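For reference, the structure discussed in these notes is given below.
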Amino acid sequence: MTQHSKIELPFQDVAILPAPSRWTEPCANKECSLHQLSPYIGKIKSSIAGELVEMYSRRGDLVVDPFAGAGTIPLEASLRGRRAFGADISPYARILSLAKLYPPASLENALRLAEIALASAESLPIVDLRSVPSWVRKFFHPETLRDALSFAQVARQPGNEFLMACFLGILHHQRPGFLSYPSSHLVPYLRDKKYPRSEFPEMYASRKLRPRLIAKVQRSFKRYSRPRSHHRIFRQSPVQQLQLPTQFDALITSPPYMNALDYGRDNRLRLWFIDPSLVEKVDNDLTQRRNAFGEAISSLAEKVESGLRRRGYCVFVVGEQLRNGTESHPSEVVLRTLRERAPSLRLLRVFADNIPDIRRTRRECRGVKTEHFLILQRN
């Protein structure tokens, strides 16, 4: 038992088991390269998602993920011959999930679509940068920003989600293959103190969009695997308003860390390029976000009770929190809610897995030390 085995399980006495050691192994050089289209803070590792899909569903099953985030679980389900249904409230999640579930059929097709989009962007009128918020302008050389704004206007059109995801994936970082001035990759903040303009003038020069986008498209097909299932659906919706399939075989999902992560703020620059009006909506009070977590789990539990087939599995990946020396256990919230609103579910086992520091990129998330994998089955 670890120190994280103190949670009270409201079903029955179930031991908390250590997660398999193989879950700690890196997978970045093995996974389907579609997983790396663009970063998404706090996302589940593709190797873990794939193993959960294999363990708790069968080929041809309908796997549901109502907190799809970066689309990792729906993509792994589709790659493994399952039917996939994903949903998320985030517009950024919608872009990534659709890009991964409906990618171009080949690198040749992807490059052709990229060239068409680039040509369309170059034909647009030059953007007046005075209309761009100053906090956005400070990330880019003016010439780069004009190119980026024109391309984003084209990539916003329906059907261009793959190109938009590639574009968002190269939006900010300090490496030469990215568009911004030196900045972090996951969360948008400038690193001008570490890389001052006076010492690194080349990092503040204009960066051409075309070669960087083409290179990104090519990287996306480095370990390309086309989804095997033709049944791939994504809906942008909060769980409370989401209509799940009438019946499904498994639910595998990773809810926000009790909303300890502020996904809107952490993705604000990418959200602005998706739709500038979205940034006005990203600031949420932490208490309000925690209340939304409870409401979402409550609504989802009722949907699981009515839609999960007999003997189907329900898997929740839940981050535990440590704040100001006290522990908060969202797992308890999830399990108590399921006991009350989905009484046909039976808790089979719980795995605990430590979260590496690289996934705790914001101060609010540094207290999220452990993930609990709650494995339930319908009687």
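The values are calculated or read from the model by the stated rules, or taken from the named source; none is laboratory data. None of these values were measured; they are calculated from a predicted model. As a convention, Cβ positions derive from the backbone with ideal geometry for all residues, glycine included, and neighbour counts pool all protein chains shown. Please note that ligands, DNA and RNA were not included when accessible areas were found on the heavy atoms of the full protein model with its side chains. Shrake-Rupley method; radii C 1.70, N 1.55, O 1.52, S 1.80 Å.
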Residue within segment 79-93 that is open to solvent by 50 Å² or more (accessible area, probe 1.4 Å), assigned to a helix (DSSP H, G or I), more than 19 Å from HIS230 (Cα to Cα) and of a type in the set (A, V, I, L, M) present: no
Positions within segment 56-78 being part of a helix (DSSP H, G or I) and either touching a strand residue (DSSP E or B) at 6+ places or on another chain (Cβ under 8 Å) or β-branched (Val, Ile, Thr) (or both), in sequence order: TYR56, THR72, ILE73, PRO74, LEU75, ALA77, SER78
Test for GLY50: is it open to solvent by less than 10 Å² (accessible area, probe 1.4 Å), closer than 20 Å to PRO26 by Cα and either part of a loop (DSSP other than H, G, I, E, B) or without any contact (Cβ under 8 Å) to a residue 60 or more places away in the chain (or both): yes
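Conditions (1) surrounded by 22 or more Cβ atoms within 10 Å (Cβ to Cβ); (2) in contact with a Ser or Thr (Cβ under 7 Å, 6 or more places away or on another chain); (3) touching a residue at least 24 places away in the same chain (Cβ under 8 Å), marked per residue:
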position: ARG223; (1), (2), (3): no, yes, yes
position: ARG226; (1), (2), (3): no, no, yes
position: HIS231; (1), (2), (3): no, no, yes
position: ARG235; (1), (2), (3): no, no, yes
position: GLN241; (1), (2), (3): no, no, no
position: THR246; (1), (2), (3): no, no, yes
position: ALA250; (1), (2), (3): yes, yes, yes
Test result for ALA99, within 21 Å of ASN160 (Cα to Cα) and out of contact with any Asp or Glu (no Cβ under 9 Å at 6 or more places or on another chain): no
Counted residues, segment 180-221 - those being touching a helix residue (DSSP H, G or I) at 6+ places or on another chain (Cβ under 6 Å), assigned to a loop (DSSP other than H, G, I, E, B) and modelled with pLDDT of 95 or more: 7
The one condition in (1) open to solvent by 70 Å² or more (accessible area, probe 1.4 Å); (2) modelled with pLDDT of 85 or more; (3) of a type in the set (A, V, I, L, M) that ILE274 fails to fulfil: (1)
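In this structure, is LEU348 buried (at least 23 other Cβ atoms within 10 Å of the Cβ), at pLDDT 80 or above, out of contact with any Cys (no Cβ under 6 Å at 6 or more places or on another chain) and hydrophobic (A, V, I, L, M, F, W, C)?
no
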Residues that are in a helix (DSSP H, G or I) and at pLDDT 95 or above, drawn from segment 299-336: SER299, LEU300, ALA301, GLU302, LYS303, VAL304, GLU305, SER306, GLY307
Scope segment 125-146; condition closer than 22 Å to PRO91 by Cα and either open to solvent by less than 30 Å² (accessible area, probe 1.4 Å) or in contact with an Asp or Glu (Cβ under 9 Å, 6 or more places away or on another chain) (or both); matching residues: VAL132, VAL136, PHE139, LEU145
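Scanning segment 168-189 for residues that are polar (S, T, N, Q) and open to solvent by less than 20 Å² (accessible area, probe 1.4 Å), which turns out nearest to LEU213 (Cα to Cα)? Break it down stepwise before answering.
Our first condition is that a residue be polar (S, T, N, Q); within segment 168-189, this holds for 174, 180, 183-184.
Filter once more, keeping what is open to solvent by less than 20 Å² (accessible area, probe 1.4 Å): 180, 183-184.
Working: SER180: 13, SER183: 18, SER184: 19 Å.
The qualifying residue nearest to LEU213 (Cα to Cα) is SER180.
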Residue match in segment 190-211 (condition: open to solvent by less than 20 Å² (accessible area, probe 1.4 Å), closer than 23 Å to GLY50 by Cα and out of contact with any Gly (no Cβ under 7 Å at 6 or more places or on another chain)): no
Selected residue (criterion: nearest to TYR224 (Cα to Cα)) from residues of segment 25-38 that are in contact (Cβ under 8 Å) with a residue 60 or more places away in the chain and open to solvent by 20 Å² or more (accessible area, probe 1.4 Å): GLU31
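Here are some residues: LEU118, LEU101. Which one is open to solvent by less than 10 Å² (accessible area, probe 1.4 Å), modelled with pLDDT of 95 or more and within 22 Å of the chain's Cα centre (by Cα)?
Sole residue among the options that is open to solvent by less than 10 Å² (accessible area, probe 1.4 Å), modelled with pLDDT of 95 or more and within 22 Å of the chain's Cα centre (by Cα): LEU101.
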